[in-house]
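FYI, it's all coordinate maths here, none of it is from the lab. Keep in mind that this is a model prediction, so the values were computed, not measured. Neighbour counts run over all protein chains shown; Cβ positions are idealised from the backbone, glycine included.
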Amino acid sequence: MENRLNLFAMTQKGFEVLKTLSEGARSNINAVISARDQKVKNDHYEDIKALCESVGIPFYDRAESGGVSADFVLAVSWRWLIDSPSAQTIVFHDSLLPRYRGFNPLVSCLINGEPRISVTALLASDEYDKGNIIAQSSTDVSYPIKIQDAIELSIGNYRELALTVAKMIESGKTITGRPQDERLASYSLWRDEEDYRIDWSRSAADIKRFVDAVGYPYQGASAIMSGNLVRLLDADVIADVKVENRTPGKVIFLENSRPVVTCGSGLLKINELVDDATGDSLLPLSRFRTRFS
């Protein structure tokens with residue numbers, strides 16, 4: 001009897017894993033469970049559902065998936081605990097564990113300027129992201145890089161691990177993995193709206209990486225301008241000048257009608273700035289003397 005696999009899949013990463021498994025026929029997919037994600041602009045929910053329908057795989061929304069049992073569970077971009085006590089549960093995590101356990105690891109890696117992005121396949125455990133490691137895959141990156149481009153690069157890592165795990169499942173052997181080295185462990189905290197706010201006291205290079213790391217498909221780096229919440233969607237680092245009364249957040253120049261903002265060190269030129277409520281462009285600025293906070 002073939003092992004049955006339930007795939008819990010969200011976002012582009014889950015969609016790509018589903019494509020890989022369905023195209024390669026490497027595993028017996030029993031069902032796909034998905035859910036909408038309001039925090040990203042394209043959650044690929046409809047794409048996942050449509051692909052399941054086209055290849056004849058049963059599809060369930062998270063709210064109606066109770067009782068869909070399987071021998072194995074594979075969770076990709078999943079945000080909730082999975083109650084499947086009789087199944088062996090495998091999780092794909094966006095870091096080279098044991099570093100960056102927890103939430104939004106890819107975003108944290110990019111903000112910190114890590115030289116490579118990684119995906120780990122691990123066995124689920126009682127404490128998040130502490131289970132045995134099954135396999136890992138990494139890709140070197142260079143900066144600047146936007147989060148969507150990093151996601152696209154990581155798809156190759158997801159595909160590689162999906163086929164590796166599927167082959168293990170098909171073999172019929174128990175998947176054990178290897179323990180993590182706790183001496184190397186680090187964590188990435190959950191993020192909310194406050195964590196999108198730019199800290200202008202940081203260097204322009206740091207802020208540039210931050211803007212790129214929380215852009216599309218996420219909401220974008222935020223700031224307060226003239227009492228309103230705005231989103232910085234694209235920016236470039238500009239060579240610094242000596243500012244005798246350096247005040248982070250103040251516009252110092254206009255370059256090709258784009259505001260150049262003073263940072264803790266360095267200068268940042270804003271290329272794309274929109275109103276959070278309407279999405280309308282706010283460039284060129286209505287007045288030169290503008291302060292961001």
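Annotations
- Computed from the C-beta positions of VAL68 and SER257 and an R0 of 41 Å, the FRET efficiency is 0.15 to the nearest 0.05.
- Gyration tensor (alpha-carbon) shape descriptor, segment 119-198, a/c threshold 1.5: oblate
- Fully extended contour minus Cα-Cα distance, from GLN38 to ASN112, at 0.36 nm per residue: 24.1 nm
- You can think of it this way: the chain between VAL241 and SER186 has 16.1 nm of extra reach, that is 0.36 nm per residue less the Cα-Cα gap.
- Overall, the chain carries a charge dipole of about 660 debye about its Cα centre when +1 sits on the Cβ of Lys and Arg and -1 on the Cβ of Asp and Glu, all other atoms neutral.
- Cross-link pairs exceeding 21 Å in C-alpha to C-alpha distance, out of LYS19/LYS130; LYS13/LYS269; LYS146/LYS167; LYS146/LYS269, comprise LYS19/LYS130; LYS13/LYS269; LYS146/LYS167.
- For segment 1-118, relative contact order (Cα pairs under 8 Å, six or more residues apart, normalised by length) works out to 26 percent.
- Residues VAL230, VAL55, VAL211 arranged by fewest to most Cβ contacts within 10 Å: VAL55, VAL230, VAL211
- For the chain: relative contact order, % (alpha-carbon pairs under 8 angstrom, 6 or more apart): 15
- Within the chain, the whole DSSP H helices whose Cα atoms reach 24 Å or more along their own axis and whose mean Kyte-Doolittle score is at least 0.0 are 147-171.
- Helical content of the chain, expressed as a calculated mean residue ellipticity at 222 nm, amounts to -7500 deg cm²/dmol (DSSP H runs of 4 or more residues, -39,500 (n - 2.57) each, divided by residue number, nearest 500).
- Note on segment 4-188: dipole from Cβ charges, positive end direction compared against ILE82, SER22, GLY113; the farthest Cα belongs to GLY113.
- Counting every C-alpha pair in the chain, the share spaced more than 33 angstrom apart comes to 32%.
- For segment 193-275, with +1 on Lys and Arg beta carbons and -1 on Asp and Glu, the positive-most of VAL237, ILE224, ILE252 along the dipole: ILE252
- Rounded if a/c under 1.5, otherwise prolate or oblate - segment 123-170, Cα gyration tensor axes: oblate
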